[in-house]
Structures are given as structure tokens and as C-alpha cells.
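The values are calculated or read from the model by the stated rules, or taken from the named source; none is laboratory data. These numbers were taken from a predicted model, which means no experiment stands behind them. Cβ sites come from the backbone with ideal geometry, for glycine too, and all protein chains shown count toward neighbours. The accessibility values were calculated without ligands, DNA or RNA, using every heavy atom of the protein model including side chains. Shrake-Rupley method; radii C 1.70, N 1.55, O 1.52, S 1.80 Å.
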Amino acid sequence: STISENAMSPIQQLSNQCLSKDERDAYISLLERRMQHEPLQYIIGKWDFHFLTGLKIKKPMLCPRPETEELVELVLAEVGNLLRDWKEKRKMRILDVGCGTGAIGIAIANKYPAAVQVVALDVLPEAVDLSNENAEQFLSRYSAHGDSKLGVKSIYEAMLCSATHFTNNTTNTSRDLSKKKCKMNFDIVVSNPPYIPLKDMIDLSSDVVEYESYEALCGGVDGLNVIRDIVHRLPEWTFSSSLRAKHCWMEVDESHPRHLARWLSPGSVEARRCGVEYVESYTDFCGRDRFVKLRVS
């Protein structure tokens, strides 16, 4: 017997649908873009990340990767542990360095909208605009949990600034932070910085290197340029009168945990000079050393 249209799945119904000329032309255009190795995320214009369905994606921001969801889970586990004994009369403050689409910070805020305030930084104006646009999409329903005058900004705000210039020790040159003090006192710092070593850039597939931002991918000769900037700024970013340990979580190249473990070995001269100690590394679902945890000492 013939299956009635009401009993057919949406996919089955589509298989019986004839495309109009405009639909066919649009479909062919999408196929041609993909044949040029353009990432699916750019072609579709959105992608799912963690519990965010339909996060907007635009060239040249990095397309969110599955392993970065693991970084989010690591940070969320720490946030959850801290909140169990939270005594502060304020929200937990989280700094996301190199926000891109805003995926990491928005995913964290989406889990704990009443308990956290995320500040996100990026050096690309289009990344800052996209992050704030995505925040409006996913977090506006929670704005009652913050300052009603600030709206979503009381939960999440992306600003144009590099790790180097996010400081009160020198003159700011950023668009959003010029002529005003940066509010610090962050409880957790998280980052998926540019970390690919220069020599490895030639090994990237064309759908990555020809479309995604070079500055968001390459971390310099050893891949540690921005990571060093973050390490040097951590004590200022997390300074407070609290005796509670402050941590930084980063996604890194698989060669970096060994280097960071040597450079910031607890008790070493360099660790004392930087005021930051290496804690441990974590592997991703492929078994690669992909994440590091640092402690401000």
C-alpha cells in the first residue's frame, strides 16, 4: 500500500518534491562552493556547538571544532565545583581570550546564565560583532538574570582587544577599551588561541588554510606567541584578595603541554617570575594532548 503524505518523514516528503528553477540554481551554487573546498559551516552559515543549535558562522572566523566542546566541558566542570561553595556576592567572572564566533563563552554562559558573567576578547572586529550577535541569539532570554539596563551584556560581552592590550598597566589601543580601565578580577580564564606552529601550516587542508583566518590559526614559529601573552597577563587578570586558586584552561597544539610543563614547572624560577604554574594536561577524544590547565600562583 502507498504511504500517505502525512505518514511520510520530512526527508521522504522532500525526496518527492520537484525543485523550482530558483531552488535548483541555488542548490547548484552551494555545490559549486563546496567543490571549491569552502567549509560547510560557511556555506550553511551556522553550525551546532555544545548545546547551541544554529550558532552563526561567518568567514573568516574559525569553524567550531568538536574537540573545543571538550574544552567547554572541562571549564564547566570547574565552574560547577566552584559554585557549590560560592560565597561571593557577585557573579563568577570568566574571560574568554580569542572568542571568534563566541562559541566557548556563550556555551558556558548558556549553562550558568544566572551565575556567570563572560567577557570575551578578539582582535578581529568581525569576530567581536559576530560573538555579540550570537550572544543576543542565545542569551537574550536569560537577560533577566543580570542587570536589566545592560541586557545580554550583563551575561556576555565581546570586546575588540588583544591579550597584550587587555591591561591597566599600559595605554590601551583597542576600540572598546580606550581611555577606560579594564575591570579584572576574573575567576577563570579560557582560551582557544592561535596555536599551530608555523611549520605545520603547510600541512593544513585547503578548506582550512584558504578560508579561515590565518591570524586565528598560526601561533608563530613555535605556536606559542599568544599563549605567552596570556601567561604573562594572567596574574593581572585574576588578581583579587581571594585566596582561592585561579585557573586558566587552554586548547593547544599537542607539542605544547611538554613545553609548558618545563617552562612553568611548579617552584621553578620561570614559574615564580611569571606567577603562573603548570598543573596538568588532558587528551582529546583522539588521544592527543590537547588541553592544559594552568594555575596563578
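Residues in the range 83-114 that are surrounded by fewer than 18 Cβ atoms within 10 Å (Cβ to Cβ) and touching a strand residue (DSSP E or B) at 6+ places or on another chain (Cβ under 9 Å) were compared, and the one that is farthest from LYS46 (Cα to Cα) is TRP86. The residue that is farthest from MET61 (Cα to Cα), among those in the range 17-46 that are touching a Phe, Trp or Tyr at 6+ places or on another chain (Cβ under 9 Å) and in a helix (DSSP H, G or I), is ARG33.
LEU14 meets all of the listed conditions (1) in a loop (DSSP other than H, G, I, E, B); (2) free of Cβ contacts under 8 Å to residues at least 12 places away in the same chain but one, namely (1).
Among the criteria (1) assigned to a helix (DSSP H, G or I); (2) within 8 Å of the chain's Cα centre (by Cα), the one ASN81 does not fulfil is (2). Given the residues VAL231, VAL221, VAL209, VAL226, which is the only one that is touching a residue at least 40 places away in the same chain (Cβ under 8 Å) and in contact with a helix residue (DSSP H, G or I) (Cβ under 9 Å, 6 or more places away or on another chain)? Sole residue among the options that is touching a residue at least 40 places away in the same chain (Cβ under 8 Å) and in contact with a helix residue (DSSP H, G or I) (Cβ under 9 Å, 6 or more places away or on another chain): VAL231.
Please find, within the range 217-235, the residue that is most open to solvent (accessible area, probe 1.4 Å) out of those that are assigned to a helix (DSSP H, G or I) and out of contact with any Cys (no Cβ under 9 Å at 6 or more places or on another chain). Please lay out each step first, then the result.
Keep residues of the range 217-235 that are assigned to a helix (DSSP H, G or I), which gives 217, 225-235.
Right, trim to out of contact with any Cys (no Cβ under 9 Å at 6 or more places or on another chain) and you get 217, 226-229, 233.
Working: LEU217: 11, VAL226: 41, ILE227: 0, ARG228: 72, ASP229: 54, ARG233: 47 Å².
Applying the filter and picking the extreme gives ARG228.
What residue, of ARG295, ARG258, is among the charged types (D, E, K, R), open to solvent by 40 Å² or more (accessible area, probe 1.4 Å), touching an Asp or Glu at 6+ places or on another chain (Cβ under 9 Å) and within 22 Å of GLU78 (Cβ to Cβ)?
On the way: ARG258 fails: within 22 Å of GLU78 (Cβ to Cβ).
Answer to the selection: ARG295.
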